[in-house]
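The values are calculated or read from the model by the stated rules, or taken from the named source; none is laboratory data. Since we're looking at a predicted model, the values are computed, not measured. For neighbour counting, all protein chains shown are included, and Cβ atoms are generated from backbone atoms with ideal geometry for every residue, glycine included. Ligands, DNA and RNA are excluded from the accessible area calculation, which covers all protein heavy atoms including side chains. Shrake-Rupley method; radii C 1.70, N 1.55, O 1.52, S 1.80 Å.
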Amino acid sequence: MTASPSAQPQDTDFMQLALQLAAEAAAAGEVPVGAVVVKDGVVIGTGRNHPIRSSDPTAHAEVAALRAAANTLGNYRLDDCTLYVTLEPCAMCSGAILHARIGRVVFGAPDSKTGCAGSVLNLFAQSQLNHQTSVQGGVMASQATSLLQAFFRDKRSLQRQLAEPLREDALRTPDGRFDGLPSYPWHPHYVSDLPCLAGLRMHFVDEGPRSGARVWLLLHPVPGWSYSLHELIAKGIGQGLRVVVPDLIGFGKSDKPKRADFHSFDFHAQSLVELVERLDLTGVTAMATPSTLALANQLAKRLPGRVDGCVVQSVSAPDVTSVEYSAWQAPYPDAGHRAGERAWISK
(Lines give C-alpha, C1' and ligand atoms only; values in the text may rest on other atoms or scores of the structure.)
Protein backbone atom coordinates (compact mmCIF):
# COMPACT_ATOMS: atom_id res chain seq x y z
CA MET A 1 0.00 0.00 0.00
CA THR A 2 1.25 3.46 -0.77
CA ALA A 3 1.66 5.92 2.07
CA SER A 4 -1.65 7.29 3.26
CA PRO A 5 -2.03 10.83 1.96
CA SER A 6 -3.39 13.67 3.98
CA ALA A 7 -6.98 14.76 3.41
CA GLN A 8 -7.49 16.91 0.35
CA PRO A 9 -9.65 20.07 0.22
CA GLN A 10 -12.36 18.44 -1.91
CA ASP A 11 -12.64 15.39 0.31
CA THR A 12 -15.26 16.88 2.61
CA ASP A 13 -17.43 17.93 -0.34
CA PHE A 14 -17.55 14.42 -1.78
CA MET A 15 -17.90 12.84 1.66
CA GLN A 16 -20.88 15.10 2.32
CA LEU A 17 -22.53 13.64 -0.78
CA ALA A 18 -21.76 10.14 0.51
CA LEU A 19 -23.36 11.07 3.84
CA GLN A 20 -26.51 12.20 2.04
CA LEU A 21 -26.68 8.81 0.34
CA ALA A 22 -26.16 7.13 3.73
CA ALA A 23 -29.09 9.11 5.15
CA GLU A 24 -31.24 7.92 2.23
CA ALA A 25 -30.26 4.34 3.05
CA ALA A 26 -31.30 4.87 6.67
CA ALA A 27 -34.66 6.27 5.56
CA ALA A 28 -35.17 3.08 3.55
CA GLY A 29 -34.42 0.92 6.58
CA GLU A 30 -30.90 -0.03 5.51
CA VAL A 31 -27.68 0.43 7.51
CA PRO A 32 -26.66 4.02 6.62
CA VAL A 33 -23.63 3.73 4.35
CA GLY A 34 -23.13 5.79 1.20
CA ALA A 35 -20.38 5.81 -1.42
CA VAL A 36 -19.24 8.03 -4.29
CA VAL A 37 -16.69 7.41 -7.08
CA VAL A 38 -14.91 10.48 -8.46
CA LYS A 39 -12.61 10.87 -11.48
CA ASP A 40 -10.90 14.16 -12.34
CA GLY A 41 -13.14 15.98 -9.87
CA VAL A 42 -16.37 14.66 -11.40
CA VAL A 43 -18.76 12.19 -9.73
CA ILE A 44 -19.12 9.16 -12.02
CA GLY A 45 -20.89 6.74 -9.70
CA THR A 46 -22.88 6.70 -6.48
CA GLY A 47 -24.29 3.98 -4.27
CA ARG A 48 -25.96 3.32 -0.95
CA ASN A 49 -26.53 0.21 1.11
CA HIS A 50 -29.53 -1.88 -0.02
CA PRO A 51 -28.93 -5.57 0.78
CA ILE A 52 -32.21 -5.89 2.70
CA ARG A 53 -34.47 -4.44 0.00
CA SER A 54 -32.70 -6.32 -2.80
CA SER A 55 -32.12 -9.56 -0.86
CA ASP A 56 -28.53 -9.30 -2.06
CA PRO A 57 -25.63 -9.73 0.38
CA THR A 58 -23.29 -8.00 -2.08
CA ALA A 59 -25.41 -4.84 -2.31
CA HIS A 60 -23.09 -2.67 -0.24
CA ALA A 61 -22.72 1.02 -1.00
CA GLU A 62 -19.19 0.60 -2.39
CA VAL A 63 -20.19 -2.20 -4.78
CA ALA A 64 -23.15 -0.18 -6.06
CA ALA A 65 -20.95 2.87 -6.62
CA LEU A 66 -18.26 0.82 -8.39
CA ARG A 67 -20.85 -0.71 -10.71
CA ALA A 68 -22.30 2.70 -11.54
CA ALA A 69 -18.85 4.18 -12.20
CA ALA A 70 -17.82 1.25 -14.44
CA ASN A 71 -21.04 1.68 -16.40
CA THR A 72 -20.31 5.41 -16.83
CA LEU A 73 -16.80 4.77 -18.15
CA GLY A 74 -17.69 1.63 -20.08
CA ASN A 75 -14.74 -0.09 -18.41
CA TYR A 76 -14.43 -2.36 -15.40
CA ARG A 77 -11.06 -0.77 -14.64
CA LEU A 78 -11.41 2.43 -12.61
CA ASP A 79 -7.84 3.72 -12.78
CA ASP A 80 -7.13 7.14 -11.28
CA CYS A 81 -10.50 7.21 -9.48
CA THR A 82 -11.18 7.94 -5.82
CA LEU A 83 -13.89 6.16 -3.85
CA TYR A 84 -15.47 7.99 -0.91
CA VAL A 85 -17.43 5.89 1.59
CA THR A 86 -18.90 6.79 4.96
CA LEU A 87 -17.81 3.55 6.68
CA GLU A 88 -14.53 1.64 6.48
CA PRO A 89 -14.84 -1.01 3.73
CA CYS A 90 -15.35 -4.67 4.62
CA ALA A 91 -13.37 -7.55 3.10
CA MET A 92 -15.75 -7.96 0.18
CA CYS A 93 -15.75 -4.28 -0.73
CA SER A 94 -12.01 -3.94 -0.21
CA GLY A 95 -11.48 -6.79 -2.66
CA ALA A 96 -13.79 -5.19 -5.21
CA ILE A 97 -11.96 -1.86 -4.83
CA LEU A 98 -8.62 -3.54 -5.49
CA HIS A 99 -9.95 -5.47 -8.49
CA ALA A 100 -11.34 -2.22 -9.93
CA ARG A 101 -7.87 -0.62 -9.65
CA ILE A 102 -9.22 2.31 -7.61
CA GLY A 103 -6.32 4.66 -6.90
CA ARG A 104 -7.48 6.08 -3.59
CA VAL A 105 -10.08 5.28 -0.91
CA VAL A 106 -11.37 7.88 1.54
CA PHE A 107 -13.60 6.63 4.36
CA GLY A 108 -15.35 8.24 7.31
CA ALA A 109 -16.06 6.09 10.37
CA PRO A 110 -13.86 3.13 11.30
CA ASP A 111 -15.53 -0.28 11.64
CA SER A 112 -14.13 -2.25 14.57
CA LYS A 113 -16.08 -5.39 13.62
CA THR A 114 -15.56 -5.83 9.87
CA GLY A 115 -13.30 -2.99 8.72
CA CYS A 116 -10.54 -4.16 6.36
CA ALA A 117 -8.68 -0.89 5.88
CA GLY A 118 -6.87 -1.11 9.20
CA SER A 119 -9.39 -1.87 11.96
CA VAL A 120 -9.70 -5.67 11.86
CA LEU A 121 -7.09 -6.20 9.15
CA ASN A 122 -5.69 -4.18 6.26
CA LEU A 123 -6.11 -5.70 2.82
CA PHE A 124 -4.71 -2.54 1.28
CA ALA A 125 -1.38 -3.14 3.02
CA GLN A 126 -0.68 -6.42 1.25
CA SER A 127 2.33 -5.75 -0.97
CA GLN A 128 1.91 -9.15 -2.65
CA LEU A 129 -1.21 -7.93 -4.44
CA ASN A 130 -0.76 -6.67 -7.98
CA HIS A 131 -2.42 -3.30 -7.25
CA GLN A 132 -1.94 -0.83 -4.44
CA THR A 133 -4.63 1.60 -3.32
CA SER A 134 -3.87 4.45 -0.96
CA VAL A 135 -6.22 4.95 1.98
CA GLN A 136 -7.31 8.01 3.94
CA GLY A 137 -9.57 7.39 6.94
CA GLY A 138 -11.42 9.58 9.41
CA VAL A 139 -12.83 12.17 6.99
CA MET A 140 -16.06 13.50 8.55
CA ALA A 141 -15.90 10.50 10.89
CA SER A 142 -18.03 12.10 13.61
CA GLN A 143 -20.91 12.77 11.21
CA ALA A 144 -20.76 9.24 9.80
CA THR A 145 -20.59 7.74 13.29
CA SER A 146 -23.51 9.83 14.52
CA LEU A 147 -25.62 8.67 11.59
CA LEU A 148 -24.85 5.02 12.34
CA GLN A 149 -25.43 5.42 16.08
CA ALA A 150 -28.80 7.11 15.54
CA PHE A 151 -29.87 4.36 13.14
CA PHE A 152 -29.02 1.52 15.53
CA ARG A 153 -30.44 3.40 18.53
CA ASP A 154 -33.76 3.80 16.72
CA LYS A 155 -33.65 0.16 15.66
CA ARG A 156 -33.09 -1.00 19.24
CA SER A 157 -35.89 1.25 20.42
CA LEU A 158 -38.28 -0.25 17.87
CA GLN A 159 -37.25 -3.78 18.84
CA ARG A 160 -37.82 -2.95 22.50
CA GLN A 161 -41.25 -1.52 21.74
CA LEU A 162 -42.19 -4.62 19.76
CA ALA A 163 -40.99 -6.79 22.64
CA GLU A 164 -42.85 -4.62 25.15
CA PRO A 165 -46.09 -3.58 23.43
CA LEU A 166 -47.84 -0.47 24.68
CA ARG A 167 -51.25 -0.89 26.26
CA GLU A 168 -54.09 0.87 24.44
CA ASP A 169 -54.97 2.85 27.56
CA ALA A 170 -51.45 4.28 27.99
CA LEU A 171 -48.91 6.56 26.34
CA ARG A 172 -45.14 6.14 25.97
CA THR A 173 -42.85 9.15 25.54
CA PRO A 174 -40.74 8.84 22.36
CA ASP A 175 -37.11 7.93 23.13
CA GLY A 176 -35.86 10.93 21.16
CA ARG A 177 -37.22 13.25 23.84
CA PHE A 178 -34.49 11.98 26.17
CA ASP A 179 -31.52 12.45 23.85
CA GLY A 180 -28.73 14.63 25.20
CA LEU A 181 -30.08 15.21 28.71
CA PRO A 182 -27.44 17.05 30.74
CA SER A 183 -25.86 15.13 33.64
CA TYR A 184 -28.01 12.03 33.05
CA PRO A 185 -25.74 9.43 31.37
CA TRP A 186 -27.16 6.29 32.96
CA HIS A 187 -28.32 3.27 31.00
CA PRO A 188 -32.10 2.75 31.15
CA HIS A 189 -33.61 -0.40 32.67
CA TYR A 190 -37.19 -1.52 32.11
CA VAL A 191 -39.57 -4.03 33.65
CA SER A 192 -43.09 -4.81 32.48
CA ASP A 193 -43.87 -8.22 34.00
CA LEU A 194 -44.46 -7.21 37.61
CA PRO A 195 -47.93 -8.51 38.55
CA CYS A 196 -49.37 -5.13 39.49
CA LEU A 197 -48.16 -3.46 36.27
CA ALA A 198 -50.38 -5.66 34.07
CA GLY A 199 -48.12 -5.02 31.08
CA LEU A 200 -47.24 -1.39 31.75
CA ARG A 201 -43.52 -0.67 31.37
CA MET A 202 -41.65 0.85 34.32
CA HIS A 203 -38.27 2.53 33.86
CA PHE A 204 -35.58 2.67 36.51
CA VAL A 205 -31.96 3.69 36.92
CA ASP A 206 -29.80 1.01 38.57
CA GLU A 207 -26.16 1.96 39.13
CA GLY A 208 -23.34 0.84 41.41
CA PRO A 209 -22.24 -2.52 42.84
CA ARG A 210 -24.73 -5.36 42.85
CA SER A 211 -23.55 -7.25 45.95
CA GLY A 212 -22.55 -6.30 49.45
CA ALA A 213 -23.31 -2.60 49.11
CA ARG A 214 -25.86 -0.44 50.82
CA VAL A 215 -28.73 0.65 48.58
CA TRP A 216 -30.26 4.04 48.08
CA LEU A 217 -33.77 3.77 46.67
CA LEU A 218 -34.55 7.28 45.47
CA LEU A 219 -38.16 8.36 44.97
CA HIS A 220 -38.46 11.31 42.66
CA PRO A 221 -40.53 14.41 43.47
CA VAL A 222 -43.90 15.16 41.94
CA PRO A 223 -43.80 17.09 39.66
CA GLY A 224 -40.55 15.50 38.50
CA TRP A 225 -38.99 12.20 37.47
CA SER A 226 -35.71 10.32 37.96
CA TYR A 227 -33.76 13.05 36.14
CA SER A 228 -34.77 15.42 38.95
CA LEU A 229 -32.45 13.47 41.27
CA HIS A 230 -29.40 13.30 38.98
CA GLU A 231 -27.17 15.10 41.48
CA LEU A 232 -28.18 12.71 44.27
CA ILE A 233 -27.68 9.72 41.96
CA ALA A 234 -24.13 10.86 41.19
CA LYS A 235 -23.46 11.43 44.90
CA GLY A 236 -24.58 7.92 45.85
CA ILE A 237 -22.54 6.30 43.09
CA GLY A 238 -19.53 8.33 44.22
CA GLN A 239 -19.94 6.88 47.72
CA GLY A 240 -19.85 3.32 46.39
CA LEU A 241 -23.56 2.68 46.93
CA ARG A 242 -26.02 0.91 44.71
CA VAL A 243 -28.50 3.53 43.58
CA VAL A 244 -31.93 2.54 42.24
CA VAL A 245 -34.28 5.24 40.99
CA PRO A 246 -37.64 4.17 39.52
CA ASP A 247 -39.85 6.42 37.48
CA LEU A 248 -43.31 5.97 38.95
CA ILE A 249 -45.87 4.78 36.40
CA GLY A 250 -47.13 7.92 34.70
CA PHE A 251 -43.82 9.74 35.04
CA GLY A 252 -40.46 10.01 33.27
CA LYS A 253 -39.62 7.14 30.93
CA SER A 254 -42.30 4.85 32.38
CA ASP A 255 -45.60 4.24 30.58
CA LYS A 256 -48.30 6.80 31.25
CA PRO A 257 -51.90 5.61 31.64
CA LYS A 258 -54.26 8.12 30.06
CA ARG A 259 -56.81 8.16 32.88
CA ALA A 260 -56.04 10.12 36.01
CA ASP A 261 -58.13 7.78 38.18
CA PHE A 262 -55.66 4.97 37.45
CA HIS A 263 -53.13 6.50 39.84
CA SER A 264 -54.00 5.27 43.31
CA PHE A 265 -51.58 5.43 46.23
CA ASP A 266 -51.85 1.67 46.76
CA PHE A 267 -50.96 0.94 43.12
CA HIS A 268 -47.79 3.03 43.27
CA ALA A 269 -46.79 1.53 46.62
CA GLN A 270 -47.34 -2.01 45.35
CA SER A 271 -45.36 -1.37 42.16
CA LEU A 272 -42.39 -0.24 44.26
CA VAL A 273 -42.72 -3.23 46.60
CA GLU A 274 -42.67 -5.61 43.63
CA LEU A 275 -39.70 -3.83 42.05
CA VAL A 276 -37.66 -4.05 45.28
CA GLU A 277 -38.49 -7.74 45.54
CA ARG A 278 -37.69 -8.37 41.87
CA LEU A 279 -34.27 -6.73 42.23
CA ASP A 280 -33.78 -8.55 45.56
CA LEU A 281 -32.69 -5.35 47.28
CA THR A 282 -31.66 -5.44 50.93
CA GLY A 283 -30.10 -2.87 53.21
CA VAL A 284 -32.25 -0.21 51.56
CA THR A 285 -32.57 3.38 52.61
CA ALA A 286 -35.62 4.88 50.95
CA MET A 287 -34.88 8.51 50.15
CA ALA A 288 -37.92 10.58 49.24
CA THR A 289 -38.97 14.15 48.72
CA PRO A 290 -41.86 15.57 50.75
CA SER A 291 -44.29 14.68 47.94
CA THR A 292 -43.29 10.99 47.99
CA LEU A 293 -42.44 10.49 51.68
CA ALA A 294 -45.68 8.63 52.30
CA LEU A 295 -44.63 6.08 49.65
CA ALA A 296 -41.24 5.65 51.32
CA ASN A 297 -42.88 5.07 54.70
CA GLN A 298 -45.22 2.52 53.14
CA LEU A 299 -42.24 0.65 51.68
CA ALA A 300 -40.58 0.50 55.10
CA LYS A 301 -43.84 -0.81 56.57
CA ARG A 302 -44.41 -3.50 53.91
CA LEU A 303 -40.77 -4.58 53.53
CA PRO A 304 -39.25 -4.47 57.01
CA GLY A 305 -36.58 -7.02 56.11
CA ARG A 306 -35.42 -5.04 53.11
CA VAL A 307 -36.00 -1.34 53.83
CA ASP A 308 -34.16 -0.18 56.92
CA GLY A 309 -35.39 3.38 57.04
CA CYS A 310 -36.50 6.54 55.26
CA VAL A 311 -34.85 9.89 54.68
CA VAL A 312 -36.53 12.99 53.30
CA GLN A 313 -34.67 15.16 50.80
CA SER A 314 -35.72 18.54 49.47
CA VAL A 315 -35.41 19.01 45.69
CA SER A 316 -36.26 22.31 44.07
CA ALA A 317 -37.50 22.58 40.51
CA PRO A 318 -35.09 24.51 38.26
CA ASP A 319 -35.76 27.98 36.92
CA VAL A 320 -37.86 27.96 33.75
CA THR A 321 -35.03 29.59 31.78
CA SER A 322 -32.48 26.87 32.62
CA VAL A 323 -31.37 23.89 30.56
CA GLU A 324 -32.40 21.59 33.40
CA TYR A 325 -35.97 22.86 33.25
CA SER A 326 -36.26 21.51 29.69
CA ALA A 327 -34.95 18.16 30.92
CA TRP A 328 -37.59 18.07 33.67
CA GLN A 329 -40.24 18.58 30.98
CA ALA A 330 -38.83 16.03 28.50
CA PRO A 331 -41.24 13.17 29.37
CA TYR A 332 -44.32 15.27 28.68
CA PRO A 333 -44.61 16.33 25.02
CA ASP A 334 -48.29 17.19 25.48
CA ALA A 335 -50.97 17.40 28.15
CA GLY A 336 -52.02 13.80 27.59
CA HIS A 337 -48.76 12.58 29.11
CA ARG A 338 -49.45 14.41 32.40
CA ALA A 339 -52.41 12.39 33.69
CA GLY A 340 -50.31 10.93 36.52
CA GLU A 341 -49.01 14.33 37.52
CA ARG A 342 -52.49 15.83 37.54
CA ALA A 343 -53.87 12.92 39.58
CA TRP A 344 -51.07 13.14 42.13
CA ILE A 345 -51.36 16.88 42.64
CA SER A 346 -55.16 16.77 42.96
CA LYS A 347 -54.97 14.35 45.93
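Please work out if ALA234 is among the small types (Gly, Ala, Ser) and either in a helix (DSSP H, G or I) or open to solvent by 60 Å² or more (accessible area, probe 1.4 Å) (or both).
Details: among the small types (Gly, Ala, Ser): yes; either in a helix (DSSP H, G or I) or open to solvent by 60 Å² or more (accessible area, probe 1.4 Å) (or both): yes.
So ALA234 fits the description; yes.
For every residue, the table says whether it meets (1) free of Cβ contacts under 8 Å to residues at least 40 places away in the same chain; (2) within 30 Å of HIS99 (Cα to Cα); (3) surrounded by 13 or more Cβ atoms within 10 Å (Cβ to Cβ).
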| residue | (1), (2), (3) |
| --- | --- |
| GLN132 | no, yes, yes |
| GLN143 | no, yes, yes |
| GLU168 | yes, no, no |
| PRO182 | no, no, no |
| HIS189 | yes, no, yes |
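Filter the stretch 258-277 for residues that are under 30 Å from the mean Cα position of the chain (by Cα), of a type outside the set (Asp, Glu) and modelled with pLDDT of 95 or more and give the result.
HIS268, SER271, LEU272, VAL273, LEU275, VAL276
On the given criteria, is PHE178 touching a Phe, Trp or Tyr at 6+ places or on another chain (Cβ under 9 Å), open to solvent by less than 80 Å² (accessible area, probe 1.4 Å) and at pLDDT below 95? Please lay out each step first, then the result.
Working: touching a Phe, Trp or Tyr at 6+ places or on another chain (Cβ under 9 Å): yes; open to solvent by less than 80 Å² (accessible area, probe 1.4 Å): yes; at pLDDT below 95: yes.
Criteria met by PHE178.
Regarding VAL31, is this residue in contact with a helix residue (DSSP H, G or I) (Cβ under 6 Å, 6 or more places away or on another chain) and aliphatic (A, V, I, L, M)?
Working: in contact with a helix residue (DSSP H, G or I) (Cβ under 6 Å, 6 or more places away or on another chain): no; aliphatic (A, V, I, L, M): yes.
When the stated conditions are applied, VAL31 does not pass them.
Of the residues VAL307, VAL323, only one is out of contact with any Asp or Glu (no Cβ under 7 Å at 6 or more places or on another chain), open to solvent by 50 Å² or more (accessible area, probe 1.4 Å) and touching a residue at least 60 places away in the same chain (Cβ under 8 Å); which?
Numbers: VAL307 fails: open to solvent by 50 Å² or more (accessible area, probe 1.4 Å).
So the residue among VAL307, VAL323 that is out of contact with any Asp or Glu (no Cβ under 7 Å at 6 or more places or on another chain), open to solvent by 50 Å² or more (accessible area, probe 1.4 Å) and touching a residue at least 60 places away in the same chain (Cβ under 8 Å) is VAL323.
What number of residues in the stretch 296-347 are of a type outside the set (Gly, Ala, Ser) and over 32 Å from the mean Cα position of the chain (by Cα)? Give the steps one after another, and end with the answer.
Applying the first criterion (of a type outside the set (Gly, Ala, Ser)) to the stretch 296-347 yields 297-299, 301-304, 306-308, 310-313, 315, 318-321, 323-325, 328-329, 331-334, 337-338, 341-342, 344-345, 347.
Those still in the list that are over 32 Å from the mean Cα position of the chain (by Cα) too: 297-299, 301-304, 306-308, 310-312, 345, 347.
Of the residues in the stretch 296-347, 15 are of a type outside the set (Gly, Ala, Ser) and over 32 Å from the mean Cα position of the chain (by Cα).
Test LEU275 against the criterion of being over 18 Å from SER291 (Cβ atoms) and either assigned to a loop (DSSP other than H, G, I, E, B) or in contact (Cβ under 8 Å) with a residue 60 or more places away in the chain (or both), and give yes or no. Steps first, please.
Numbers: over 18 Å from SER291 (Cβ atoms): yes; either assigned to a loop (DSSP other than H, G, I, E, B) or in contact (Cβ under 8 Å) with a residue 60 or more places away in the chain (or both): yes.
Yes.
List every residue pair whose Cβ atoms lie under 6 Å apart, where the two residues are 6 or more positions apart in sequence or sit on different chains, the first residue falls within the stretch 89-110 and is closer than 17 Å to LEU19 by Cβ, and the second residue, located anywhere, is among the acidic types (Asp, Glu).
PRO89/GLU62; VAL106/ASP11; PHE107/GLU88; PRO110/GLU88
Out of curiosity, is VAL120 out of contact with any Pro (no Cβ under 7 Å at 6 or more places or on another chain), surrounded by 15 or more Cβ atoms within 10 Å (Cβ to Cβ) and either closer than 27 Å to TYR332 by Cα or in contact (Cβ under 8 Å) with a residue 12 or more places away in the chain (or both)?
Details: out of contact with any Pro (no Cβ under 7 Å at 6 or more places or on another chain): yes; surrounded by 15 or more Cβ atoms within 10 Å (Cβ to Cβ): yes; either closer than 27 Å to TYR332 by Cα or in contact (Cβ under 8 Å) with a residue 12 or more places away in the chain (or both): no.
Against the criterion (out of contact with any Pro (no Cβ under 7 Å at 6 or more places or on another chain), surrounded by 15 or more Cβ atoms within 10 Å (Cβ to Cβ) and either closer than 27 Å to TYR332 by Cα or in contact (Cβ under 8 Å) with a residue 12 or more places away in the chain (or both)), VAL120 does not qualify.
Being in contact with a Ser or Thr (Cβ under 7 Å, 6 or more places away or on another chain) and either under 21 Å from ARG201 (Cα atoms) or open to solvent by less than 50 Å² (accessible area, probe 1.4 Å) (or both), is that true of even one residue in the stretch 262-285? Can you show your working first?
Taking the stretch 262-285 first, the residues in contact with a Ser or Thr (Cβ under 7 Å, 6 or more places away or on another chain) are none.
No, the stretch 262-285 contains no residue that is in contact with a Ser or Thr (Cβ under 7 Å, 6 or more places away or on another chain) and either under 21 Å from ARG201 (Cα atoms) or open to solvent by less than 50 Å² (accessible area, probe 1.4 Å) (or both).
Please tell me if ALA339 is touching a Pro at 6+ places or on another chain (Cβ under 8 Å) and open to solvent by less than 10 Å² (accessible area, probe 1.4 Å). If you could, list the steps in order and put the result at the bottom.
Working: touching a Pro at 6+ places or on another chain (Cβ under 8 Å): yes; open to solvent by less than 10 Å² (accessible area, probe 1.4 Å): yes.
Judged against the criteria, ALA339 is a match.
Can you go through LEU83, LEU78 and tell me which one is over 24 Å from ALA23 (Cα atoms), surrounded by 23 or more Cβ atoms within 10 Å (Cβ to Cβ) and touching a residue at least 12 places away in the same chain (Cβ under 8 Å)?
Going through LEU83, LEU78 in turn, the sole match is LEU78.
Any residue that is in a loop (DSSP other than H, G, I, E, B), more than 28 Å from ARG172 (Cβ to Cβ) and among the β-branched types (Val, Ile, Thr) - is there at least one of those in the stretch 301-319? Talk me through it step by step, then tell me what you get.
Going through the stretch 301-319, the residues in a loop (DSSP other than H, G, I, E, B) turn out to be 303-306, 313-319.
Next, from what is left, pick out any that are more than 28 Å from ARG172 (Cβ to Cβ): 303-306, 313-314, 316, 319.
Now narrow it down to the ones that are among the β-branched types (Val, Ile, Thr): none.
No: zero hits.
Show me the helices (runs of 4 or more DSSP H) entirely contained within the stretch 22-114 in which 2 or more residues are closer than 22 Å to LEU129 by Cβ and out of contact with any Gly (no Cβ under 9 Å at 6 or more places or on another chain).
Values: elements: 51-54, 61-73, 91-99.
Answer list for the stretch 22-114: 91-99.
Take the stretch 187-230 and flag every residue that is in contact with a strand residue (DSSP E or B) (Cβ under 8 Å, 6 or more places away or on another chain), part of a helix (DSSP H, G or I), within 19 Å of PRO257 (Cα to Cα) and not hydroxyl-bearing (Ser, Thr, Tyr).
Selection gives LEU197 alone.
May I ask you to say which residue of MET15, MET1 is in contact with a Ser or Thr (Cβ under 9 Å, 6 or more places away or on another chain), at pLDDT below 95 and either of a type outside the set (S, T, N, Q) or not in a loop (DSSP other than H, G, I, E, B) (or both)? Full working, then the answer.
On the way: MET15 fails: at pLDDT below 95.
So the residue among MET15, MET1 that is in contact with a Ser or Thr (Cβ under 9 Å, 6 or more places away or on another chain), at pLDDT below 95 and either of a type outside the set (S, T, N, Q) or not in a loop (DSSP other than H, G, I, E, B) (or both) is MET1.
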